[in-house]
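First the structure, in the form of structure tokens, and then the observations on it.
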Amino acid sequence: MINNFEMEIGGRLLKFEHGRVAAQAGGAITVQYGDTMLLATATASKKPRPGADFLPMTVDVAEKAYAGGKLPGGFFKREGRPSTEAILASRMIDRPIRPLFSKTIHNEIQIIVTILASDKVNPYPAIGIIGASTALAISDIAFNDPIGACVIGLVEGELVVNPTYEELLTSDLELLVAGTGEATMMVESGGNFVSEAVLLDALELAQEVNGAIVEQIVEIQAKVGKKKWEAPAVSDEEKTAEKATRSLVGEEFLKVLKSPGDKATRQGRMDDVMDGTIEKLSVDHDPGHVKSALYALETEAVRSTILEDGSRPDGRKLDELRDLNSEVGYLPRVHGSGIFTRGETQIMGVLTLASAGERQRLDTYGLETEKHFIHHYNFPPYSVGEAGRFGFTGRREIGHGALAERALKPVVPSQADFPYTIRLVSESLASNGSTSMASVCAGSLAMMDGGVPISSPVAGIAMGLITGENGKYAILTDIQGAEDHSGDMDFKVAGTRDGVTALQMDIKVKGITIEIMSQALEQARIARLQILDNMEKTISSTRDDLSEFAPRMLSLKIPTDKIGAIIGPGGSVIRGMIDEFGVTIDVQDDGTVVVGSPDRENAEKAEAAITALTKDVEVGDKYTGRVVRIMPFGAFVQILPGKDGMVHISELSQNRVPDVESVVSIGDQLEVMVINVDGMGRIDLSHRALLEESNEGGNGGGDAGPRARGGDRGDRGGDRDRGGDRRGRGGDRTDRGPRRERSDDRGPSSERNDRNDEGSTDRGPRRPAGGYDGGNRRSGPPRRR
């Protein structure tokens, strides 16, 4: 039986359908918002995974190319590994749902969200969370706390529920919130310097929307939900092991926590206590149960010390930062580097600048097709003192990298202002809490060191929360590893002095109230300003110059109708300039051209060539060109990349030229003047005109020829008398009389033979083997030279 449900959110219908597809899944639902549609399924194994002391749940988002009307790329034309966007969406589904399961459930649970259709209007992550929550609610899995999710935008100063892709392009806020009917479970946000007050308003609005969605899911569950199996209770054996463990080491954990020393020292003492306890109790109890009891006691000791004594494992106050240190310029030859250290957490940020053409292409359902700012995060096992798998980028690394990128993006200049592709890499050198927020600080330092004109530095801080009975709680500033593990919240805030640029919250209990988040935001703001003070002591503003090893980029604007001249037939012109000048050239649709080269002089030469290419060639313009082809009737000279003109044999010299190759060879540089541009854009050039112009300026005498070819070419041997003074051209030529008009001499260009188009402007031979004819020059006999 097919059942349909719907409700309105943000002015659009959110539709649910059950019973048509995926009947054998534990729970299956299709969710549609606009024309974006997905299938969410939730299925669990019948029995717990042997030996598991955690929840073995996996969440996968499957983006299908057909959903966007595309074919997959690659040779096999089949979807491959998940995209970055799919991985981030998977994490956003997992994070609010996982804390809602009973800690006694160890069955394998698999949630799969398949994107079936995308309208390129409505983003799918929030819909995916709703679908996964609904699939769990109607399944037989022991899950009894459905959640809702929505996105809040800030468009033209107004809060908008579930903004479209187009609205997100101009929105100052993108706040994804997931929560139960009573409290928030997860927050993922990016913003353009949004105030804490606006964030709280957005969170309250999101909670209202999520409450309505949860009511709808409960209604669906009541009508089509399956009977659920119960989460197993804690066994008597586990209770006995826990009691024995507590009596043996309860006070000893407290002593270790309060003992002086760094993370490694305290952890070494803790491991000694654990190993000794397991060895003693494993005779009468399951070692796995003893180990679980030890971890629970460690968490309990950390929490009680903070709540009751106001004391943290390292002795700090609740709102106190660890020691801070910043430095820049650590690495040689790279384009920029910075190291940020906070306590035992240390991140090295490294900057690389590249041409605009190397920006990353995006293949997503959204409107953004590329990005010029990229941040990557690496977390090698040595950073926590372990040996482990290395070289594979995990979901956690992708998630942390995306968070830091979102935090830094609002201060990064546009490519119009800074024509570079910017890549930041954050290397985790040591970790004891909040490497993602340290990556934000190190990234700011590296960009300032590298001369990237960011609008202001960005700092990040991680806040924690410990809750107790009767509403008692403690908010912690700058949490470290033990506090993160034992706490109820990981609340990360990044921003500048003007506002918040990124926010991420993960909850391990059933919700955090708006009041607690308000206090945490204010405490985070104070800490953020303290970190910025420390960073600005190291480097107060962006350096004036780029690294000497960074490429030089020049940006210019050309008319859009000249883009074809820059590209050339089959890309021949742009490739020629790239090869000739050793540069990169990126041409955008709006006429922006970005030229890049490690050598600024080469970049400027290419810029000059591009400017000249876009300029119309006019009669009287002078160029120094290169001879690219020689024909019996003249030489073709490249005056600009992809733009050739012809110097007729009669225009090569003031004297008679027996053949073209006696004057020029391919590759020679030749100074020429434009003497005619016909209606088809064909260019006539003259070297003789420049020689005559020079002589009229007082040079006098005969023609020395356009170039030296070796030897004395004045004496050609034999009697070179060509008949008198050749109409007064010998000796003093100042009395030669007026020159005939060129239109009488050569006739209009349209009367000449068409040029042979072979990539150059070849007009075809003007002089057949038997001499000139009227079609090539003019009617009547050839002019005497």
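Observations
- One decimal place: the segment D498-D53 gains 155.7 nm when fully extended, by the rule 0.36 nm per residue minus the C-alpha distance.
- Here the Karplus relation 6.51 cos²θ - 1.76 cosθ + 1.60, evaluated at θ = phi - 60°, turns the backbone of segment 330-345 into coupling constants of 6, 9, x, 6, 5, 7, x, 8, x, 10, 10, 10, 10, x, 9, 9 Hz, with x for every Gly and Pro.
- Between segment 430-480 and segment 623-700, the alpha-carbon centres lie 67 Å apart.
- Loop-located GluC sites (Glu not before Pro) in segment 615-699 (DSSP state other than H, G, I, E, B) with a sparse environment of at most 12 neighbouring Cβ atoms within 10 Å: E618.
- Estimated FRET transfer efficiency (S102, A416; beta-carbon r; R0 51 Å; 0.05): 0.40
- Here K77 is the anchor, and the aspartates and glutamates within straight C-alpha reach of less than 18 Å, apart from those fewer than 8 places off in the same chain, are E63, D363.
- Set K239/K508; K15/K371; K255/K291 screened for pairs whose C-alpha atoms are more than 26 Å apart: K15/K371
- Note on R12 and R246: the model spin-label points, each 7 Å out from Cα along the C-beta direction, lie 5.1 nm apart.
- The chain - percent relative contact order, Cα under 8 Å, separation 6 or more: 8 percent
- Option label - percent of Cα pairs over 46 Å apart computed here, alternatives (1) 25; (2) 43; (3) 29: (2)
- Computed E for D309/Q267 - FRET, C-beta separation, R0 22 angstrom, nearest 0.05: 0.60
- For segment 170-232, the list of GluC sites (Glu not before Pro) that fall in a loop by DSSP and count at most 16 other C-beta atoms within 10 angstrom reads E182, E230.
- The alpha-carbon of K622 sits under 26 angstrom from the alpha-carbons of these lysines, leaving out residues fewer than 8 places away in its chain: K557, K562, K605, K643.
- Above-threshold pairs, the threshold being 27 Å between Cα atoms, out of K226/K492; K46/K226; K64/K228; K317/K492: K226/K492; K64/K228
- Helix-only mean residue ellipticity at 222 nm for the chain, each DSSP H run of n ≥ 4 adding -39500 (n - 2.57), per residue, nearest 500: -9500 deg cm²/dmol
- Sites matching GluC sites (Glu not before Pro) across segment 522-588 that sit in DSSP coil, with at most 16 neighbouring C-beta atoms within 10 Å: E548
- Estimated dipole of the chain in Debye, rounded to 20 [Cβ of Lys and Arg +1, of Asp and Glu -1, Cα centre]: 3180 debye
Laboratory data are not the source of any read-out in this text; all were calculated from the coordinates shown. Remember, it's a predicted structure, so these values are computed and weren't measured experimentally. Counting neighbours? That spans all protein chains shown, and the Cβs are built from the backbone with ideal geometry, glycine included.
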